[in-house]
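So the structure is just underneath, and the comments pick up after that.
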Amino acid sequence: MEQHARTDAYTDRYAARAAGMVPSEIRALFAVVSRPEIVSLAGGAPYVSALPLDIVGDMIGDLVAGRGAEVLQYGSAQGDAELRERICEVMALEGIRASAEDVVVTVGAQQALDLITKIFIDPGDVILAEAPSYVGALGTFASYQADVVHVPLDEGGLIPAALRETLDRLAREGRRVKFLYTVPTFQNPAGVTLTAARRSQILEICAEHDVLIIEDNPYGLLDGDPMRAMRADDPERVIYLGSFSKTIASGLRVGWVLAPHAVRAKLVLAAESATLCPSNFSQLAVREYLNTQPWREQIKNFRELYRERRDAMLDALETQMPGGCTWTRPAGGFFVWLTLPEGLDSKAMAPRAIAERVAYVPGTGFYADGSGRRQMRLSYCFPEPHRIREGVRRLAGVVEQEIRLRDTFGGAGSSIPNGVEAPGPHVV
Ligand code: PMP
């Protein structure tokens, strides 16, 4: 069995693009993180149990009983027209004025990422992405053989001066950048938010260099007053990705892309060949939910729930973590990005953390170039606050042990595989 898992008799038949599809070394570890004794600070799954599941269940039951012939049928490749209207109302909360004509409903924002990469990227084309960046996007970019060039971020999000420098350098090298991929609000994995001033600067820099921007914003409504989307200020340059995964439920797999008119037409053709149409069942469930349920109130409930969990994590980090560790302080979203003291390696440490019954995602998965050994992503979206505190307590113990090991033997060390790691179902 072991032998079968390692050798792939089909290797010489795969397309070249399959070489970029590399399973994560830590995937095996995730098989165990669902065990109840392990506190998982690794998963990015939203806490869907906070929905009024009985009411949603009745709503879906009534939908099928009353309009089953429509709900259970194929739909249009672009997505349900009325749902696209509702999506425009949701985006208006972030200052976006858009026509439902320019929205394409997708199977989560993940499919939008796939379709965009498919229509824009030839092998070797350059994509700029934050360092660190969303692991699922990096996987998609790798599967289309893009060359990802990272641009650093800090507590205020992507750094405009670094973006300018990178674009100037690539221009000098004669390399054209196809687009900048950014998660400006409550970034995955860093938890940071791009400031309003930087949003304008980045729009300006990208206009000067004539670079498109992919603004991926699944977390934007998950705290405070929503930030103004970059798309609101440059509809021709910014392609905007949204999702109901975090505001309603990830299992419905309903996301969308808002694109300039011509790009939208290409996306619909690409979507049609990928899936014919997104699930009508899921779309009409979302439409009905938005039409009949107090969805704004429910988002507020989610915000409060995640805020309490974030505070539990930040407080536990503050009181438990040994000196030398630093971390981000997210204003919303799901994630804290932690940097270990010099000489520690989050990947080498992962199995030892699992042995101590706590899991996290090592930083290397969030870079296309193998960096991130000292970093890790800690998510607070799923475990209850007392479990988060316990998880951080265990993690702090592991880090303390690693520091002692480092001081005795001079560094943990581990090899980093080439290629972008596929996240596995629990990581997103
Ligand atoms: N973009 C980002 C930044 C994400 O974090 C995720 C999922 N966690 C996605 C896109 C994909 O989400 P979905 O396909 O569920 O909409």
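We did not get these values from a lab; they are worked out from the coordinates using the rules stated. Small disclaimer: the values here were computed from a predicted structure and weren't measured. Positions of Cβ are generated from backbone atoms using ideal geometry, with glycine treated the same way; all protein chains shown enter the neighbour counts.
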Open item on the list: How large is the convex hull of the C-alpha atoms of segment 54-292 per residue, in Å³?
Closed with: 115
TODO: Indicate the gyration tensor shape class of segment 198-285 (rounded, prolate or oblate), computed on the Cα atoms with a ≥ b ≥ c the square roots of the eigenvalues: a/c under 1.5 is rounded; otherwise a/b larger than b/c is prolate and the rest oblate.
DONE: oblate
Task: Ellipsoid equivalent to the chain - semi-axes via the Cα gyration tensor, in Å - done: 33, 27, 23
- [ ] With label points built 7 Å along Cα→Cβ from the Cα atoms of residue 308 and residue 65, find their separation and express it in nm.
- [x] 3.3
- [ ] Estimate the FRET efficiency between residue 35 and residue 208 by the formula 1/(1 + (r/R0)^6), using the beta-carbon distance for r and 51 Å for R0, to the nearest 0.05.
- [x] 0.50
Open item on the list: Can you tell me, using C-alpha contacts under 8 Å and at least 6 residues apart, the relative contact order of segment 54-292 as a whole percent?
Closed with: 29
Open item on the list: Going by average Cβ density within 10 Å per residue, which order do the peptides 361-369, 340-348 take, highest to lowest?
Closed with: 361-369, 340-348
Task: Ranked packing of 122-134, 157-169, most packed first, by mean Cβ within 10 Å - done: 122-134, 157-169
TODO: Could you tell me the number of lysine pairs in the chain with C-alpha atoms less than 18 Å from each other, where the two lysines are 8 or more residues apart or belong to different chains?
DONE: 4
